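The values are calculated or read from the model by the stated rules, or taken from the named source; none is laboratory data. This is a predicted model, so every value here is computed, not measured. Neighbour counts are summed over all protein chains in view; Cβ atoms, including those assigned to glycine, are modelled from backbone coordinates with ideal geometry. What goes into the accessible areas is simple: the full protein's heavy atoms, side chains included, and nothing from ligands, DNA or RNA. Shrake-Rupley method; radii C 1.70, N 1.55, O 1.52, S 1.80 Å.
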Amino acid sequence: MLGLILLPAHASDVVTDKSIGMELARDIADETITACRNHGYHISAVVVDRFGLVRAALRDDNASRFTLDIAERKANMTVMAWMDSGDFKNAREDIRQELNHIPGLIVMEGGLKIVSGGFNIGAVCVSGAPGGDMDAACARAALKKLAERIAFAFDE
């Protein structure tokens, strides 16, 4: 006769996280492309979830193919530091070169974290505008346009 032993579950056995969904990620990437187009820039926008997994990646028609990779690497840096990539760059110039040698990371301006309900739910990162400050401005414009939707993403 086989017996079944039931053990109590521990709180850490199951983890529930709040992270950005595909639809919101897609819309943020699309709005970021639009914001840059309005200034004549052809960029790539990558949105990752809180774990650095790509949820949306868009390359504008005339953007270099390399901009996708650079935007994703900025996103990884933003998620790793949980700071906007430009703020991290300015705060940690002392380790910038070392981090740039780690596969998948790059310390450059142009990545912004996405926060909803007090949770870091992801990051939007841009590459292709003539300067990281302009990359960040396009991402910031998209986040501003979708601010209400982002703010209420986790209201139930």
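What the table shows:
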| read-out | value |
| --- | --- |
| Scan of the stretch 16-36 for residues that are out of contact with any helix residue (DSSP H, G or I) (no Cβ under 9 Å at 6 or more places or on another chain), of a type in the set (Ser, Thr, Tyr) and either closer than 13 Å to Ala136 by Cα or open to solvent by 40 Å² or more (accessible area, probe 1.4 Å) (or both), ordered by number | Thr16 |
| Failed item in (1) open to solvent by 70 Å² or more (accessible area, probe 1.4 Å); (2) touching a residue at least 40 places away in the same chain (Cβ under 8 Å); (3) closer than 20 Å to Gly117 by Cα; (4) out of contact with any Gly (no Cβ under 9 Å at 6 or more places or on another chain), with His39 passing the rest | (3) |
| In the stretch 64-118, residue farthest from Arg140 (Cα to Cα) [restricted to those that are out of contact with any Leu (no Cβ under 6 Å at 6 or more places or on another chain), among the polar types (S, T, N, Q) and without any contact (Cβ under 8 Å) to a residue 60 or more places away in the chain] | Gln97 |
| Total residues in the stretch 133-153, condition part of a loop (DSSP other than H, G, I, E, B) and open to solvent by less than 40 Å² (accessible area, probe 1.4 Å) | 1 |
| Scope the stretch 116-132; condition open to solvent by 30 Å² or more (accessible area, probe 1.4 Å) and under 16 Å from Met77 (Cα atoms); matching residues | Asn120 |
| Residue ranges of helices (runs of 4 or more DSSP H) in the stretch 1-118 with at least 3 members within 16 Å of Ala129 (Cα to Cα) | 22-37, 66-81 |
| Residue ID - nearest to Val124 (Cα to Cα), chosen from residues in the stretch 47-83 that are among the β-branched types (Val, Ile, Thr) and open to solvent by 40 Å² or more (accessible area, probe 1.4 Å) | Val54 |
